[in-house]
Structure formats: C-alpha cells, structure tokens
Amino acid sequence: MIHRLSTLFVRTLRDDPAEAEIPSHRLLLRAGYIRRAAPGGYTWLPLGLRVLQRVEHIVREEMNAIGAQEVHFPALLPREPYDATGRWTDYGPNLFRLQDRRGVDYLLGPTHEEMFTLLVKDLYSSYKDLPVWLYQIQTKYRDEARPRAGLLRGREFVMKDSYSFDLDDEGLQRSYDAHRSAYVNIFARLGLDVVIVKAMSGAMGGSASEEFLAPSASGEDTFVRCSQCDYRANTEAVRIGTPSAPDASNTPAALVVDTPNTPTIQTLVDLLNSRQDLQRTTPWAAHDTLKNVLVMLRQADGSRTPLAIGVPGDRDVDMKRLEALVAPLEVEPFGEGDFAARPTLIKGYIGPNALGEAQPLGIRYLLDPRVVANTAWVTGANAPGRHVVNLVCGRDFAADGVADVADVRDNDACPMCSAPMRIERGIEMGHVFQLGRKYAEVLGLQVLDEKGKQRVVTMGSYGVGVSRAVAAIAEMHHDEIGLRWPRSVAPMDVHVVIAGKAGDQTAPAGEQLAAELSASGLHVLLDDRTGVSPGVRFKDAELMGMPMIVIVGRGVANGVLEVRDRIAGTTTEVPIAEAAQHIITCCA
RNA sequence: CGGGAUGUAGCACAGCUUGGCUAGUGCGCCUGGUUUGGGACCAGGAGGUCGCAGGUUCAAAUCCUGCCAUCCCGACCA
C-alpha cells in the first residue's frame with residue numbers, strides 16, 4: 001500500500017508545542033500523530049492511529065494465542081453493578097457519572113470487573129465451563145485530577161483488560177501464569193523493555209500482583225531493583241529485611257533529659273552531641289532517634305481513627321506506602337484539632353509510652369521493622385522540651401505491630417540478599433493480579449462443582465495500557481531529531497523520499513520503487529510532494545520516524561539509491577535494480 | 001485540592017509596565033516567479049470575538065473585578 005505525503009492528512013510542526021514537556025508528547029504532536037482535543041483527550045491522526053492499531057493487533061494476537069476470547073462491552077454502563085461492589089462511591093471523583101433523560105444514573109467505565117463477572121454469571125453455571133478467559137480492548141474513562149504527559153495519563157484512554165475465571169486457587173495460578181507470559185511476549189514485540197515488579201493490589205483487593213514497568217524518567221511509578229539478585233518491587237510493595245535483635249543487657253536504664261527547643265530531629269541530634277554528660281563512642285545521629293508520626297485513617301463512612309507509626313528519625317513515612325498498607329482506608333493528616341482533642345500528646349515530643357492500644361489514648365501504634373527488640377532509642381518523653389535516651393524496645397516500650405512504610409532510598413539493602421538496591425522510575429504498562437473471590441462473592445458468581453455444590457468462582461484481572469504503550473514506545477525509541485519506531489509498530493515500513501529536481505528521473509524512479517515495495521505487501525510512505533526543498537523532506541522523514549528511509553535523489557544518475565536505517569543510523573548505497581529486494585529483505 | 005506559570009492566527013512568540021489611529025513578528029497556508037542534498041528566496045495575499053463576562057475611560061490586548069481554561073510541581077491515581 002502506498003501512502004502519499006502529498007495527500008496524507010498530516011501536518012508536521014517546526015516548533016515544539018509549548019504544552020508538551022516530555023519527548024513522546026512533543027514528538028507525537030510535532031510529527032502529526034495526535035492532536036489534543038480536550039484535557040486528557042487526544043485525536044488520533046492517520047499515522048498515530050496506525051501505530052495504535054498495530055499495538056492493538058499485537059495484543060490481540062498474544063491474547064488469542066493463550067486462548068483468551070475477545071468480547072466488547074459498552075463504555076456507558078449502568079450504576080447497579082457498581083453499587084453492588086461499592087465502587088460507585090469508592091471510586092470517588094475519578095468516576096465519570098452521568099444521567100439519562102429520565103434521571104437514571106450511568107457511568108463511563110473506568111474498568112470492567114463488575115460487567116465481566118456478571119456476564120459470566122449470566123451464561124455459565126458449571127465447573128465444566130471453567131476456566132474461561134475473556135478480554136476486551138476498550139476506551140476507558142477516568143476523571144483524573146490532573147491528566148498529564150499527553151498519552152501517558154489521559155482521562156480517556158485505550159486499555160486491554162482481561163479476566164480469568166477458575167474454580168480454585170490452583171486454576172487461578174495457571175491463569176495468572178498464562179497471562180503473565182503473554183504479557184512478556186506482548187512487550188517484547190512492542191519493543192518495550194519492561195521490568196516485572198512486585199506490586200500492591202491496591203483498591204482492587206486480591207493477593208498476588210505484579211506490574212510491568214517500562215523504565216523511564218518520565219514514568220510516574222517508583223520501583224527498586226536489586227543490584228545483585230532478581231528482586232524488583234514497586235516502592236509501595238517493598239518489604240524490607242528485619243535486623244536480628246541485638247544484646248541489650250549492657251544498655252543503661254532509660255533516662256529522661258531536658259531537651260528544650262528541639263521540636264525537630266536535627267535540633268535534637270545537635271543538642272545531644274553538645275551535652276558532655278551524654279557523650280558516647282560515636283556521635284548521636286538521626287538514626288538513633290525514634291520519630292513517632294501520627295495520622296488519621298478515614299473509613300468510607302467518614303469516621304476517623306488515629307494511627308501512630310514509629311520510624312527511625314532519619315526516615316520519613318512514605319504516604320504512598322502507608323496508603324497501600326491501610327487500603328481501602330484513606331490517610332489524612334493529624335491536624336491541630338486532633339492534637340487539641342488529645343492534650344497529652346505534645347507535638348514534637350511524642351513518645352512510645354503514650355501510644356499503643358493499651359494506653360489511655362488507645363492509639364494503635366506500629367513500628368518500622370528496623371525497630372526490633374533490644375534496640376535503644378532516643379525519643380519523645382511526652383512532656384514539653386523533654387526526650388528520653390536509651391529507651392529499649394521490648395524492655396521499656398511495646399507496640400501493637402509492624403508497619404513497613406518508611407521511605408525507600410537508593411542503596412537500601414535488598415530484603416532477599418542484602419545487596420544495595422537501586423531506585424528507578426517507570427511507566428506502568430501492565431498489571432496482572434489475582435483478584436480472588438471478592439467480585440464473584442458480592443455479585444454472586446457461583447458454579448456447581450463435580451459434587452453438585454455451589455462454589456464461588458475465583459478471578460484474576462489483567463490490564464495493558466494500549467494507548468499508553470504508544471507513548472511509552474515513543475518515549476523509549478526516539479532521538480534528538482525525531483521518532484524511531486520499532487518495525488513491529490511503525491505506521492509504515494518504508495519512507496521513500498523523492499529528492500530530485502523537477503523533470504529528472506527521481507520521481508519516476510521513486511514511484512516505481514514504491515510500487516514494487518507495495519506489491520510485496522509493504523506499507524510505503526512516499527514523499528511525492530512538489531516544490532518542497534530536500535531539507536524539509538529529510539527533516540520530516542526523520543521526525544516521522546519510519547524505521548527505514550530511502551532517498552531517491554542525486555544517486556539515481558549513477559544508478560543507486562540511499563537506504564538509511566533510522567534505528568541503526570546507518571546509510572547504505574544500493575543499486576536501483578537491487579533496491580526493492582534489498583529493502584524487502586530488511587523488512588522481513 | 002495546595003504551589004507556580006500562561007491564555008494574542010494552525011505552531012512559536014512580541015506588544016501590556018506608562019491605555020491611543022487599521023494588533024505585530026517568524027514559521028506554516030494561498031497566488032505568481034526564481035530555486036532544489038539538509039527546515040531556500042523575491043513579490044503579493046488570506047487568516048484574529050487579543051480565554052470569557054462585567055467594570056473604569058472619549059478610548060482597553062493593555063487598568064480593575066469575577067469567572068473559565070491550559071501547562072508544570074506536589075497531593076491524588078484499577
């Protein structure tokens with residue numbers, strides 16, 4: 001198929017659009033692949049649409065290959081199923097809600113667990129029908145507070161979501177593994193290097209969960225990668241190692257000291273080091289202190305309960321990690337009003353002995369895993385201007401449990417092998433997780449087992465960001481001058497540039513080459529524009545990013561064409577007579 | 001939702017401080033001509049509710065008030 005640049009619906013931009021910051025957004029706009037139509041909503045132009053469709057095609061092939069079957073739901077969905085699972089309210093302001101002319105509530109689907117569950121319930125009722133794997137490629141709607149980065153986070157986007165239905169956990173594991181391997185194939189074919197990391201299942205519920213992240217500075221997810229072993233995890237899901245308990249038999253008794261004007265860790269450490277009577281072999285440091293952070297947890301019904309977390313003073317509580325731990329409860333700051341209601345808590349001097357469910361305030365108190373038995377700490381004494389030194393965990397205070405929610409840093413020790421871990425950013429390309437029976441239970445999806453007994457079906461849920469993949473591929477495959485599509489998703493196989501003078505042999509030679517390539521099944525973008533200078537043609541070709549560019553120009557007089565590999569950056573001269581075959585071979 | 005910035009032609013921007021005639025520049029677009037291997041040149045054109053609404057004024061892109069939108073950072077985010 002020949003697509004002529006003289007008639008193709010596209011206009012490249014010379015200047016970078018001011019609204020675009022990251023490379024993929026900038027280049028997709030400049031090269032004429034997409035246009036912004038609404039905040040978080042993009043129009044796909046012919047070239048962009050072809051990339052999107054090729055990505056969809058690869059996803060379809062791999063899903064079909066594992067035996068999943070494609071269906072298609074409406075994006076416009078009724079309220080009732082989402083009421084049944086509580087997501088009509090749980091989803092909060094991120095859900096697009098609307099009403100029909102009679103005032104009946106609808107929503108635009110953000111994801112379709114409910115509909116798939118009900119569909120299977122509608123049609124199946126026997127264990128003999130299981131397992132079944134269904135998927136769709138669908139436009140999803142989420143009223144994101146802040147869409148950004150072009151296609152990377154929109155309010156309307158294309159996602160492939162699939163769901164597995166099994167009788168038991170062993171079946172679920174098989175379904176999960178099949179999807180996981182399909183995803184590995186999909187991302188390999190898309191030219192996306194992905195890292196598979198342990199993830200939190202978040203508000204979706206369920207157990208085992210992994211994310212496929214494409215490492216990129218533009219990514220919104222943070223993950224750790226062990227420098228030695230194969231441990232990789234989203235920072236939300238990192239579980240740090242627990243040190244062994246030291247010997248505390250020589251630790252002196254706890255001592256309350258006056259520490260006026262030390263509301264922060266740094267001021268406290270400075271004061272400790274200035275006190276002659278507290279000198280020890282190593283100077284006091286932030287990691288000797290135990291910081292007690294208070295938050296409020298909010299239930300769906302709006303009620304709030306306090307929670308205290310003790311972390312070493314050199315670390316902060318990572319709110320994302322805490323949110324992940326307490327989900328579906330929401331974390332709110334502990335406000336002035338909350339302090340006022342509990343006058344025994346002295347801001348800046350809160351100590352473990354005021355915390356814990358056994359204490360009068362009854363505040364649940366959780367400790368960072370680093371705070372193991374027999375470790376000694378400097379911490380608040382629950383009195384203004386006073387701290388306590390040598391407060392030993394287990395000897396002098398106790399907590400209600402462990403909370404691994406302190407921030408994770410570059411070089412932190414790997415929980416598996418203790419080697420240093422690296423922190424990186426990534427774009428979430430896919431997410432697989434074992435949903436379990438949550439949706440099946442509330443929506444009543446049961447089948448009869450071989451003994452004629454009703455059994456609740458167990459589910460898995462698997463997503464691929466299809467439109468996001470287009471951006472991620474662009475993010476990963478470009479250089480300073482333009483896009484460089486992998487062959488598997490490029491909108492065209494070859495970009496043929498006619499770069500000669502009017503009336504010379506270049507135009508017929510280019511036409512003939514394009515015809516030969518097209519006849520062999522290649523998609524050819526032919527720059528047949530007249531009155532356009534060669535510089536513009538070259539720049540446009542480089543910007544648009546087809547993997548191969550053929551220059552039909554001054555070489556024609558000597559019987560040769562110039563074949564440029566946009567990915568490798570190489571240029572080869574090929575005799576005209578052999579050119580078509582050469583290119584076809586390269587594209588195979 | 002908090003912080004910062006910006007709204008002037010398809011794209012990038014100037015003009016606003018200190019109000020003044022017909023709102024400018026570059027790119028892109030149209031017509032004619034000269035060009036043709038790295039974003040050509042000459043001449044002539046088309047294209048604008050200056051984000052919206054109100055106010056001040058003889059006069060508003062410019063000053064005032066309110067609103068809206070977009071972008072960036074953060075919060076949030078199956």
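The values are calculated or read from the model by the stated rules, or taken from the named source; none is laboratory data. All figures in this text were calculated on a predicted structure; none of them were measured in a lab. No Cβ is skipped: glycine too gets one built from the backbone with ideal geometry, and neighbour counts run over all protein chains shown. Note: accessible area is taken over every heavy atom of the protein model, side chains too, but ligands, DNA and RNA are not part of it. Shrake-Rupley method; radii C 1.70, N 1.55, O 1.52, S 1.80 Å.
Would you tally the residues in segment A:529-588 being open to solvent by less than 40 Å² (accessible area, probe 1.4 Å), away from RNA strand B (no atom under 13 Å from the Cβ) and either within 13 Å of residue A:513 (Cα to Cα) or in a helix (DSSP H, G or I) (or both)? Result for segment A:529-588: 3. The set of residues in segment A:1-21 that are open to solvent by less than 30 Å² (accessible area, probe 1.4 Å) and within 32 Å of the chain's Cα centre (by Cα) comprises A:10, A:17, A:20.
With the requirement that a residue be open to solvent by less than 50 Å² (accessible area, probe 1.4 Å) and not hydroxyl-bearing (Ser, Thr, Tyr), what does segment A:75-99 give you? Answer for segment A:75-99, where residues must be open to solvent by less than 50 Å² (accessible area, probe 1.4 Å) and not hydroxyl-bearing (Ser, Thr, Tyr): A:75, A:77, A:78, A:81, A:86, A:87, A:88, A:92, A:95.
Is one or more of the residues making up segment A:290-300 at pLDDT below 75, open to solvent by 80 Å² or more (accessible area, probe 1.4 Å) and out of contact with any Cys (no Cβ under 8 Å at 6 or more places or on another chain)? Yes, because at least one residue in segment A:290-300 is at pLDDT below 75, open to solvent by 80 Å² or more (accessible area, probe 1.4 Å) and out of contact with any Cys (no Cβ under 8 Å at 6 or more places or on another chain).
The set of residues in segment A:6-35 being more than 10 Å from RNA strand B (Cβ to nearest atom), part of a loop (DSSP other than H, G, I, E, B) and among the β-branched types (Val, Ile, Thr) consists of A:7, A:10. Somewhere in segment A:217-226, is a residue out of contact with any Cys (no Cβ under 8 Å at 6 or more places or on another chain), basic (Lys, Arg) and either without any contact (Cβ under 8 Å) to a residue 12 or more places away in the chain or not assigned by TED's automatic domain parsing to the domain that holds residue A:385 (or both)? Among the residues of segment A:217-226, at least one is out of contact with any Cys (no Cβ under 8 Å at 6 or more places or on another chain), basic (Lys, Arg) and either without any contact (Cβ under 8 Å) to a residue 12 or more places away in the chain or not assigned by TED's automatic domain parsing to the domain that holds residue A:385 (or both), which makes the answer yes. Candidates in segment A:27-48 are the residues that are at pLDDT 85 or above and of a type in the set (Lys, Arg); of these, the one that is most open to solvent (accessible area, probe 1.4 Å) is A:35. The conditions are (1) touching a helix residue (DSSP H, G or I) at 6+ places or on another chain (Cβ under 7 Å); (2) touching a residue at least 60 places away in the same chain (Cβ under 8 Å); (3) β-branched (Val, Ile, Thr), and residue A:530 fails exactly one of them. Which is it? The number of the failed condition is (1). Looking across segment A:484-515, the residues that are open to solvent by less than 40 Å² (accessible area, probe 1.4 Å) and either part of a strand (DSSP E or B) or without any contact (Cβ under 8 Å) to a residue 40 or more places away in the chain (or both) come down to A:494, A:495, A:496, A:497, A:498.
A single entry from A:348, A:313 fulfils the requirement of being buried (at least 19 other Cβ atoms within 10 Å of the Cβ), within 13 Å of residue A:291 (Cα to Cα) and not hydroxyl-bearing (Ser, Thr, Tyr): A:313. Among the residues in segment A:434-446, are any open to solvent by less than 20 Å² (accessible area, probe 1.4 Å), closer than 29 Å to residue A:231 by Cβ and among the charged types (D, E, K, R)? For segment A:434-446, residues open to solvent by less than 20 Å² (accessible area, probe 1.4 Å), closer than 29 Å to residue A:231 by Cβ and among the charged types (D, E, K, R): absent. Only one of the numbered conditions (1) under 20 Å from residue A:239 (Cα atoms); (2) open to solvent by 30 Å² or more (accessible area, probe 1.4 Å); (3) more than 14 Å from RNA strand B (Cβ to nearest atom); (4) not in a loop (DSSP other than H, G, I, E, B) is violated by residue A:337, and that is (1).
Looking at A:176, A:183, A:135, just one residue is at pLDDT 95 or above and closer than 30 Å to residue A:450 by Cβ, and that residue is A:135. Taking helices (runs of 4 or more DSSP H) as the structural unit, those lying wholly within segment A:36-154 and holding at least 3 residues that are within 15 Å of RNA strand B (Cβ to nearest atom) correspond to A:46-65, A:87-90, A:113-123.
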